[in-house]
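For reference, the structure is listed below as structure tokens.
The values are calculated or read from the model by the stated rules, or taken from the named source; none is laboratory data. Not measured: the values here are computed from a predicted model. Methodologically, a virtual Cβ is constructed for each residue, glycine included, from the backbone with ideal geometry; neighbour enumeration extends over all protein chains shown.
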Amino acid sequence: MTMPQSNMVATHSVDRATFENLYAGPAPWDIGKPQGQFSAIADRVTSPLLDAGCGTGEHALFFASQGHRVTGIDFVEEAIRRAQRKAAERCLPVEFLVKDATRLHNWGQRFLTVIDCGLFHVLSDDDRQRYAHGLANVLEPGGHLFLMCFSDEEPGTEGPRRVSRQELYDTFADGWEIESIQPTRCEVHPEFTEVTFSDGGPKTWFAVIRREG
């Protein structure tokens, strides 16, 4: 999950260097395990699965450990190197690729499930549309997107850009059905202290979105 400063992403997506710098310390989203919301929906996942903005791969590796065929993509090379190293250490056959998740419109691979843990909320308005368009290309009709993003119910402005329910409905309006949007919390690396979030963890939305067709 990605947590740059919100004023950096109000109109433009965060650049690669911002994330590379965050990986130099305790990256706030890199908690060494999947977020609980994703492990809780393991029985709803169908292979093949794409982890969009996979970071160092904890979610992709979790689903691979459950027997799923998984591909993880991230545009930060260091994140992918760490993910590949974890996969080798755990003997899990995950394909990790350096790839921009906003440039999926001409990718030939197809998936039945996509997970997004903290990617959507770092995208600019334009990149959100490119992202949704690309997901529509790679996600098979009837397939599901499971998406967790920062909520506009989280106080303050530090950390990622806040997202409203309506913004999710607007982005996934054409060719998608939003089945549910539930308020949740996310876990942050305990050594990350640069930003103070709500007690109990930052408030997030967990959305279940189906590709129509």
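Points worth noting:
- Subset tally (residues that are assigned to a loop (DSSP other than H, G, I, E, B) and either under 24 Å from Gln66 (Cα atoms) or small (Gly, Ala, Ser) (or both)) for region 100-117: 4
- Residue check, Ala83 out of contact with any Lys or Arg (no Cβ under 7 Å at 6 or more places or on another chain), among the aliphatic types (A, V, I, L, M) and within 19 Å of Gln109 (Cα to Cα): no
- In this structure, Arg161 does not qualify as of a type in the set (Lys, Arg) and assigned to a helix (DSSP H, G or I).
- Only residues that are without any contact (Cβ under 8 Å) to a residue 24 or more places away in the chain and over 21 Å from His189 (Cβ atoms) were counted in region 34-62, giving 1.
- Residues that are part of a helix (DSSP H, G or I) and of a type in the set (A, V, I, L, M, F, W, C) within region 31-66 comprise Phe38, Ala42, Ala60, Leu61, Phe62, Phe63, Ala64, listed in sequence order.
- Some residue of region 176-191 being part of a loop (DSSP other than H, G, I, E, B) and hydrophobic (A, V, I, L, M, F, W, C): yes
- Unmet requirement for Ile73, which otherwise passes all of (1) part of a helix (DSSP H, G or I); (2) of a type outside the set (Phe, Trp, Tyr); (3) under 14 Å from the mean Cα position of the chain (by Cα): (1)
- Some residue of region 85-93 being small (Gly, Ala, Ser), in a helix (DSSP H, G or I) and under 15 Å from the mean Cα position of the chain (by Cα): no
- Just so you know, in region 118-141 the residues that are hydrophobic (A, V, I, L, M, F, W, C) and part of a helix (DSSP H, G or I) include one that is farthest from Asp74 (Cα to Cα), and it is Ala136.
- Contact map, region 155-171: residues that are more than 10 Å from Trp205 (Cβ to Cβ) and modelled with pLDDT of 90 or more paired with residues that are β-branched (Val, Ile, Thr) and part of a loop (DSSP other than H, G, I, E, B), Cβ distance under 6 Å, separation 6+ or inter-chain. Pairs shown: Arg161/Val9.
- Residues in region 85-140 that are small (Gly, Ala, Ser) and surrounded by 14 or more Cβ atoms within 10 Å (Cβ to Cβ) were compared, and the one that is nearest to Val188 (Cα to Cα) is Gly118.
- Comparison of Arg110, Arg103 shows that the only residue that is of a type outside the set (Val, Ile, Thr), free of Cβ contacts under 8 Å to residues at least 40 places away in the same chain and over 28 Å from Val195 (Cα atoms) is Arg103.
- Condition met for Gly134 (more than 22 Å from His59 (Cα to Cα) and either basic (Lys, Arg) or out of contact with any strand residue (DSSP E or B) (no Cβ under 7 Å at 6 or more places or on another chain) (or both)): no
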